[in-house]
1. How large is ³J(HN,Hα) for each residue in segment 186-194, as worked out from phi by the Karplus curve 6.51 cos²θ - 1.76 cosθ + 1.60 (θ = phi - 60°), to whole Hz, x for Gly and Pro?
2. In nm, what is the difference between 0.36 nm times the number of residues separating residue 67 and residue 49 and their Cα-Cα distance?
3. For segment 165-242, what are Rg and Dmax over the alpha carbons, in angstrom?
4. Check the straight Cα-Cα distances from residue 84 and name the aspartates and glutamates below 17 Å, setting aside those fewer than 8 residues away within the same chain.
5. With a 1.4 Å probe and all protein chains in place, put 23, 208, 7, 76 in order of accessible area, largest first.
6. Relative to the longest principal axis of the C-alpha atoms of the chain, give the angle of the C-alpha long axis of helix 109-119, reported between 0 and 90° and rounded to the nearest 10°.
7. Give the carbon-plus-sulfur fraction of the accessible surface of segment 54-131 in %, rounded to a whole number; probe 1.4 Å, heavy atoms of protein chains only.
8. Once amide H atoms are built 1.01 Å from N in the peptide plane, which residues 5 or more positions from residue 69, or in another chain, come under 5 Å H to H?
Amino acid sequence: MAAQSRTPVIEMRGVVKRFSLGTGEPLEVLHGIDLTVYRGEFLAIMGASGSGKSTLMNLIGALDRPTQGSYVLDGTDVSTLRDKELSRIRCGKIGFVFQNFNLVPRTSALKNVELPMMYGGVRGAQRTQRAKELLAMVEMDDRMDHLPSQLSGGQKQRVAIARAMANDPALLLADEPTGALDSATGRLVMDLFHRLHREQGKTVVLITHSPELAEECQRIVTLRDGCVTGERRGGGANDAAV
């Protein structure tokens, strides 16, 4: 059973995000977000369409910068990093799992999993061996030479999870990871996240509009109109010692 620590992986303080519309006042989407996520925690960020959760996901994933406020990711203040530094942090510290898989279409499952390690400077034989081990972990080692077009939705998502684990990230960031899957396949994918959290102690942040999926997590943060409007323990709170 994974033990949650009190060491923060994510610390956001007063995070504001505005977008310039080209004319008039900029549009403010996030209004002073405070968020702490601890190492080994399984957290859900839940909100309806338009709540700002996609914008917040982009900031957590270092895909964008806050307009105002601070963001410390695994001990590094990423708020003001330059693009090259931000890319390096993103590659090394965050494993992304998206609703639509985002696999490279003309590249095998094995090479898709190797890709983050290639960007991270891992040598060829070493990254191939680790990619094979990760595909075996998600029970996709018998499909490692298949292209994404030869895989089902659930198989693609398992490859995407293996790829997310490639650089042993501090954080797994999952954006609606079951949204493109049927309920049975989605259940298998969620079970895999629970296993990574429980057996490897991975910190998981799940972005979702689904109360049912959020309830599986240890803690649920609710976002509405760009503000955190609630926080509570979820049904998965007993999965780890708090």
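1. x, 5, 5, 5, 5, 4, 5, 4, 4
2. Numbers: separation 18, 0.36 × 18 = 6.48 nm, distance 2.16 nm.
Working it through step by step, the gained length comes to 4.3 nm.
3. Considering segment 165-242 through its Cα atoms, Rg and Dmax are 12.8, 36 Å.
4. Answer for residue 84, where 17 Å is the Cα cut-off: 64, listed by chain and number.
5. Working: 23 105, 208 0, 7 65, 76 45 Å².
In descending accessible area the options line up as 23, 7, 76, 208.
6. Its long axis makes an angle of about 50 degrees.
7. On the way: 1940 of 4150 Å².
The value for segment 54-131 is 47 percent carbon and sulfur by accessible area.
8. 16
The values are calculated or read from the model by the stated rules, or taken from the named source; none is laboratory data. Fair warning: this is a prediction, and the values are worked out from it, not measured in the lab. Glycine also receives a Cβ, built like all others from the backbone with ideal geometry; neighbour counts cover every protein chain displayed. Keep in mind that these areas ignore ligands, DNA and RNA; they rest on the heavy atoms of the full protein, side chains included. Shrake-Rupley method; radii C 1.70, N 1.55, O 1.52, S 1.80 Å.
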